[in-house]
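Q: This is the structure I want to talk about, given as structure tokens.
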Amino acid sequence: MFVRNRLVASLGASLLGAAALVALPAPAAQAAELLTNPGFESGSLSGWSCSGGTGSVVSSPVHGGTKALAGAASASDTARCAQTVAVQPNTTYTLAGWVRGNYVYLGVDGSASTWTASAPSYQRLSLSFTTGASQTSATVYTHGWYGQGTYYADDLSLDGPGGGGGGDTQAPSAPTGLQVASKTASAVTLAWAAASDDVGVTGYDVYQGAAKVSTVTGTTATVGGLAPSTAYTFTVRARDAAGNVSPASAPVTVSTEAGGGGGTGFKQAAPYLYLGWGNPPAPATVMNATGIKTFTMAFILSSGGCNPAWDGQRPLTGGIDQSTINAIRAAGGDIVPSIGGWSGNKLGPNCATPEALAGAYQKVIDAYGLKSIDVDIENTDEFENAAVQDRVLGALKIVKANNPGLRTILTFGTSTTGPTSWGNRLIEQSKALNAGIDVFTIMPFDFGGGADMYGNTVKAADGLKNKLKSVYGWDDATAYAHVGISGMNGLSDQQEVTTPQTWTGIRDWANTHHIARLAFWSVNRDRGCAGGGVTETCSGIAQADWEFTKITAGFTG
């Protein structure tokens with residue numbers, strides 16, 4: 001059958017007991033952020049002390065901003081990282097943060113703690129505690145557990161009134177007039193009017209959503225490390241010397257510029273070309289006959305461990321794949337590699353960390369000087385695997401940061417009405433991990449025989465658009481600009497039929513709605529063979545050779 005190559009361990013440790021509450025009710029605390037470097041955006045461990053040199057600051061995986069804490073817990077060290085802050089007596093505080101890993105703890109010395117046994121993606125931990133009648137400092141901490149490996153922590157916060165403020169408990173007024181002074185594809189500069197305070201404002205905290213991303217002393221700030229053509233929401237809070245923090249300003253939402261020089265952003269018409277079977281045609285012949293300029297080359301797999309190769313067998317350079325790419329470029333075209341697919345030994349499960357997987361992707365990028373890469377994430381080993389989903393997203397975030405201008409594409413299956421539960425998770429995690437994915441491409445086929453291929457494709461694409469709007473806060477136009485469609489020409493595995501007329505309608509819809517990418521499986525099959533069934537070398541229907549490719553070449557976005 002033709003298929004699109006497509007502990008809980010028992011621990012004897014007990015949690016620290018909650019401190020006894022004093023008899024008198026604690027006063028309400030004016031919310032303030034008391035921790036120094038709570039999101040590790042300084043790029044250092046400033047303000048934090050980690051046992052045995054086990055702490056470090058990493059750029060992936062992060063929850064918010066561009067940095068996070070990594071604690072290398074070992075068989076002999078839990079990688080405890082702590083910070084001591086000034087507090088007021090007999091006062092209730094809230095400690096919270098986002099953690100990832102096995103057996104990660106968040107707590108306060110001599111008081112309460114909380115933990116999670118397993119967090120394959122970032123999970124929020126939160127607790128409240130009340131200081132003693134004469135307590136003026138508190139030490140908060142996070143740590144892992146013996147032999148459980150590296151954990152991550154990000155966007156920690158300790159809310160309550162600051163100590164040592166000489167009796168100043170009045171917070172500044174909220175900053176007003178927050179606006180966007182300028183923006184690029186990767187940065188936004190904000191400006192606002194100064195806040196007022198009975199003693200004096202000493203600084204401003206800038207938040208991207210719920211994550212604090214910058215602290216400044218003036219009334220402007222530039223937030224970098226952003227993704228092109230992406231909507232972000234910012235607020236600002238003022239702070240005084242006593243640690244009192246104002247309410248948030250009114251939010252401002254801004255979409256960054258498109259990458260690569262702006263204009264309409266990234267657009268790609270790129271049908272699949274597969275050299276592994278199916279009598280692959282000479283690309284220059286197809287290009288000359290159709291006007292197509294870009295091919296999606298399939299598939300990059302693991303040749304053993306975390307090592308990329310074409311079909312898991314052919315080397316990246318020096319073989320038929322490189323010579324084909326050279327021929328495409330000599331004819332004025334280009335390629336985007338497809339990494340993964342339905343079957344085969346894939347890199348996602350074989351590379352142990354996002355960093356290792358990013359290293360494998362980088363080998364492919366370096367081999368061809370690529371402008372874009374596609375990860376075709378399918379099946380239970382990658383798509384329906386939360387740990388591998390997060391690993392792929394983390395790796396794409398790393399290579400995007402290390403290769404300015406690189407466009408990243410995710411391709412995955414769909415229902416007739418939009419992403420499945422696993423597709424929804426992938427999109428939600430792309431936002432949570434700040435992966436900066438440029439295009440989310442769905443494969444609207446294999447729904448079942450007799451399916452309405454035009455209607456179901458449009459419904460599925462609109463469902464994807466709506467999910468992107470919900471998760472990212474985009475408007476319709478911005479969401480469509482991140483949508484891709486990858487169909488199947490002719491007869492599909494499930495006996496669905498996409499005719500050239502149907503594909504023309506889908507192409508025209510894609511142009512009208514200005515989506516980002518249009519592809520199909522595959523150029524090898526873009527030859528007529530009416531009644532030929534599902535095969536590698538033709539579409540199974542009556543058509544002119546390269547007809548679907550020619551239609552796809554008319555996609556302009």
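The values are calculated or read from the model by the stated rules, or taken from the named source; none is laboratory data. For clarity, every value in this text was computed on a predicted model and none was experimentally measured. When we count neighbours, we look across all protein chains shown, and the Cβ atoms used for this are built from the backbone with ideal geometry, even at glycine. These accessible areas exclude ligands, DNA and RNA; they are computed on the full protein's heavy atoms, side chains included. Shrake-Rupley method; radii C 1.70, N 1.55, O 1.52, S 1.80 Å.
Q: Suppose we filter Ser539, Ser492 for residues that are at pLDDT below 95, within 26 Å of Val439 (Cβ to Cβ) and buried (at least 22 other Cβ atoms within 10 Å of the Cβ); which single one remains? If you could, list the steps in order and put the result at the bottom.
A: Working: Ser539 fails: at pLDDT below 95.
Checking each option against the conditions leaves just Ser492.
Q: Could you look through the stretch 65-90, keep only residues that are among the hydroxyl-bearing types (Ser, Thr, Tyr) and at pLDDT below 90, and pick out the one that is nearest to Asp155 (Cα to Cα)? Working first, answer last.
A: At the first step, the residues of the stretch 65-90 found to be among the hydroxyl-bearing types (Ser, Thr, Tyr) are 66, 74, 76, 78, 84.
Right, trim to at pLDDT below 90 and you get 66, 74, 76, 84.
Working: Thr66: 11, Ser74: 24, Ser76: 27, Thr84: 17 Å.
Taking the candidates together, the pick is Thr66.
Q: Oh, and also: For the stretch 174-203, give me each residue that is within 36 Å of the chain's Cα centre (by Cα), loosely packed, with under 15 Cβ neighbours inside 10 Å and assigned to a loop (DSSP other than H, G, I, E, B).
A: Residue satisfying the conditions is Ala187 alone.
Q: Quick one: Ser415 ticks every box in (1) among the hydroxyl-bearing types (Ser, Thr, Tyr); (2) modelled with pLDDT under 95; (3) surrounded by fewer than 22 Cβ atoms within 10 Å (Cβ to Cβ) bar one, so which box is it?
A: (2)
Q: Here is a further query. Can you pull out the residues in the stretch 505-531 that are in a loop (DSSP other than H, G, I, E, B), open to solvent by less than 40 Å² (accessible area, probe 1.4 Å) and either in contact with a helix residue (DSSP H, G or I) (Cβ under 7 Å, 6 or more places away or on another chain) or not basic (Lys, Arg) (or both)?
A: Ile515, Ala516, Ser522, Asp526, Gly528, Cys529
Q: So is Ile320 among the aliphatic types (A, V, I, L, M), within 27 Å of Asp438 (Cα to Cα) and either surrounded by fewer than 16 Cβ atoms within 10 Å (Cβ to Cβ) or at pLDDT 95 or above (or both) or not?
A: Judged against the criteria, Ile320 is not a match.
Yes/no per residue for (1) of a type outside the set (S, T, N, Q); (2) buried (at least 16 other Cβ atoms within 10 Å of the Cβ); (3) modelled with pLDDT under 85:
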residue	(1), (2), (3)
Tyr232	yes, yes, no
Asp240	yes, yes, yes
Asn244	no, yes, yes
Thr253	no, no, no
Pro280	yes, yes, no
Thr285	no, no, no
Thr294	no, yes, no
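Q: Here's another thing I want to ask about it. Residues of the stretch 351-364 being farther than 30 Å from Asp446 by Cβ and open to solvent by 10 Å² or more (accessible area, probe 1.4 Å), which ones? Spell out the reasoning first.
A: Quick first cut of the stretch 351-364, residues farther than 30 Å from Asp446 by Cβ only: 352-353, 355-356, 358-359, 362-363.
Passing the criteria: Ala352, Thr353, Glu355, Ala356, Gly359, Gln362, Lys363.
Q: Also, quick follow-up: When you scan the stretch 209-230, how many residues do you find that are modelled with pLDDT of 80 or more, open to solvent by 40 Å² or more (accessible area, probe 1.4 Å) and either under 18 Å from the mean Cα position of the chain (by Cα) or of a type outside the set (Val, Ile, Thr) (or both)?
A: 1
Q: Oh, and also: Checking the structure you have, find out if any residue of the stretch 231-244 is among the aromatic types (Phe, Trp, Tyr) and farther than 13 Å from Glu33 by Cα.
A: yes
Q: Test Val206 against the stated conditions and say whether it is open to solvent by less than 30 Å² (accessible area, probe 1.4 Å), part of a strand (DSSP E or B) and modelled with pLDDT under 85.
A: In short, no.
Q: Would you pick out the residues in the stretch 102-114 that are in contact with a Gly (Cβ under 6 Å, 6 or more places away or on another chain) and either open to solvent by 10 Å² or more (accessible area, probe 1.4 Å) or farther than 10 Å from His143 by Cα (or both)?
A: Of everything in the stretch 102-114, just one residue is in contact with a Gly (Cβ under 6 Å, 6 or more places away or on another chain) and either open to solvent by 10 Å² or more (accessible area, probe 1.4 Å) or farther than 10 Å from His143 by Cα (or both), namely Ser113.
Q: If you don't mind, another one. If you scan the stretch 473-504, which residues turn out to be assigned to a strand (DSSP E or B), under 30 Å from Ala231 (Cβ atoms) and either in contact with an Asp or Glu (Cβ under 8 Å, 6 or more places away or on another chain) or among the small types (Gly, Ala, Ser) (or both)?
A: If the condition is that a residue be assigned to a strand (DSSP E or B), under 30 Å from Ala231 (Cβ atoms) and either in contact with an Asp or Glu (Cβ under 8 Å, 6 or more places away or on another chain) or among the small types (Gly, Ala, Ser) (or both), then Gly484, Ser486, Gly487 are the ones that fit.
Q: Return the residues of the stretch 430-452 that are touching a helix residue (DSSP H, G or I) at 6+ places or on another chain (Cβ under 7 Å), part of a helix (DSSP H, G or I) and surrounded by fewer than 22 Cβ atoms within 10 Å (Cβ to Cβ); say none if nothing qualifies.
A: Selection gives Lys431 alone.
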